[in-house]
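Every read-out reported here was derived from the displayed coordinates using simple, explicitly stated rules and does not represent laboratory data. Just so you know, these numbers come straight off a predicted model, no measurement behind them. Here Cβ is always computed from backbone atoms with ideal geometry, including for glycine, and neighbour counts include all displayed protein chains.
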Amino acid sequence: MHKNNTPFYLALAVLVGLFLGSVLVVDSPLELFNKSTNEIKMKRLIDFIEQDYVDAVDTDRLLDGAITQILEDLDPHSVYIPKEKLQQISERMQGNFVGIGVQFRMIKDSLAVLQAIENGPSYKAGIVSGDRILIADTDTIFGKNLRDSALLKVLKGTAKTTVNLQVYRKKSDSLFRVTVTRGNVAIKSVLVSYMLTEAVGYVKLTRFARSSYNEFKKALTELQGLGMTQLVLDLRGNGGGFIDIANQILDEFLPEGKLMVYTKNNKGAIDEFFATKKGAFEEGALFVLMDENTASASEIVAGALQDNDKGTIVGRRSFGKGLVQQEIDLGDGSAVRLTTARYYTPTGRSIQKPYRNTDEKNQYDEDLSTRYTSGELFVKDSIKTIDSLRYTTPKGKIVYGGGGIIPDVFVAIDTTRYGSRIPFIRIQNFAFSYVDSNRKKVESWTFDAFIAQFDNNDTIAKAFREDLIKNGVTHTVSAQTYYYLKLAIATELFGDEGFYKVNQAQDVMLQKVLALIE
């Protein structure tokens, strides 16, 4: 959409409230006009467009475009969420969805179950990894090249409703029917948690959803029960979530009365959030991993810990999102997330990076590629700091505002991890096929045996090379590609924990933490 259309779209956007009957869950938009000539003008315009415009008009599309255009002129994080996307986003933030509970991938035009989610409906019904779901009720799933969105419409649904599945099990070459009752399926926030060493625990936290604190608390308690005295909290790629959940997790690390974060709105009103109860890990050594995709609530956690001199922040400068959004229901299944305040760390730093400049949002959107070309992802000295945004923690550590959290210990991006010319999806598909064809053999492997003996005779690598040639791929297979193959097979066999335990050997950031501990 072009900027010169803004007045037209502005008019249409205002009409959203009028056209849908004042559906915003804030003060009625009609108060903005007080039944003035503007209101009459807007109603007349929409009537003319719908009744007399020369071509057929998709009013929903026009209104969606109008709202999007207005919000784009505010800030990068005030956004419109169409109704077809809102449910998926809401499910992720609530930490659960209603469905049959399987992770799947289309393999040769069939829906192959990668994993039945533990304690979910399919798990309880006996669905296992490798099963092919062929028919769901009267819907044929195989042989149609269906998109994930179409498959989800069939598999998801209302709680306590049933779906009759026809399933092929390759391992036993059997075809059978099973009825699965749809129910709540957890979307994990704590992807994995395990002991790195006898004393060092590791928790990978992917978001701050409604279920995240309970998941984190459970993981923390279990690791402490295994003797953990030092914790690595991995927030890399964590895009944030609910501020109250972030504060609950922070509360486990900080003494009572410590300021964790505060917000300030456009009227200057300040809301402060303090640590309360006795935290379970106030005395333990803490290391927080972050990168350029660590954002929002994750930055609140990192900033609060840094400003309170708790733990060590390791990695690269975080994303720089310090704006608070409030979700407004538009009444038709869509919503707006409107920025209503800013976050500040305990020392007074703003997390938000600049977004108003001559290039408008282009510079903001291209910030990550700019960091790459400027060298910031490779050398800490390339991170620009502003003296006027310099702050000091209670113990005298110098920290900076101006956008994102700068780590205490810098770790450059590892470009060697991009040394494969083979698409990872091809590697994943081969890994699935290999495991699927050898389930009786590979499912007896323990993880320790897998690590110690993986492809010692080069059988898997040879089969992989033959598969590439068969599919017309002539690239030389690098050592990094073989490593990715090991990761993919570990994931097929042992899930996310298998991936992370294998990956830690080449995880330079994690290896840096272990070196610091030693």
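Observations
- Alpha-carbon centroids, segment 481-518 and segment 125-161: separation in whole Å: 32 Å
- Cβ-based charge dipole, the chain, positive-most Cα from L259, V288, I133: I133
- Computed from backbone phi with θ = phi - 60° and the Karplus coefficients 6.51, -1.76 and 1.60, the 3J(HN,Hα) list for segment 58-67 is 8, 4, 4, 5, 4, 5, 4, x, 5, 4 Hz; x is used for glycine and proline.
- Close amide H contacts of I313 (hydrogens built in the peptide plane, cut-off under 5 Å, sequence separation of 5 or more or a different chain): V288, D408, V409.
- Net +/- balance of residues flanking G130 in space, Cβ distance below 10 Å, scoring K and R +1, D and E -1: +1
- Net charge of neighbours whose Cβ lies under 12 Å from the Cβ of A150, counting Lys and Arg as +1 and Asp and Glu as -1: +2
- Among N184, L330, F499 the positive-end extreme of the charge dipole of the chain (Cβ point charges): F499
- Efficiency of FRET between E283 and D387 - r from beta-carbon atoms, R0 45 angstrom, step 0.05: 0.80
- When only alpha carbons are used to place a centre, segment 79-114 and segment 361-394 end up 35 Å from one another.
- Think of each Lys and Arg Cβ as +1 and each Asp and Glu Cβ as -1; about the Cα centre, that makes the dipole of segment 416-517 roughly 280 debye.
- Net charge contributed by nearby residues that have their C-beta within less than 13 Å of T229 (K/R +1, D/E -1): -3
- Loop-located trypsin sites (Lys or Arg not before Pro) across segment 379-418 with a Cβ neighbour count of 16 or fewer within 10 Å are K384, K395, K397, with loop assigned by DSSP.
- Once you reduce segment 418-441 and segment 175-189 to the center of their Cα atoms, the two points are 25 Å from each other.
- Given charges at beta-carbon only (K, R positive; D, E negative), |dipole| of the chain in Debye: 900 debye
- Computed 3J(HN,Hα) for segment 403-408, one whole-Hz value per residue from the Karplus formula 6.51 cos²θ - 1.76 cosθ + 1.60 where θ = phi - 60°, is x, x, 10, 8, x, 6, glycine and proline marked x.
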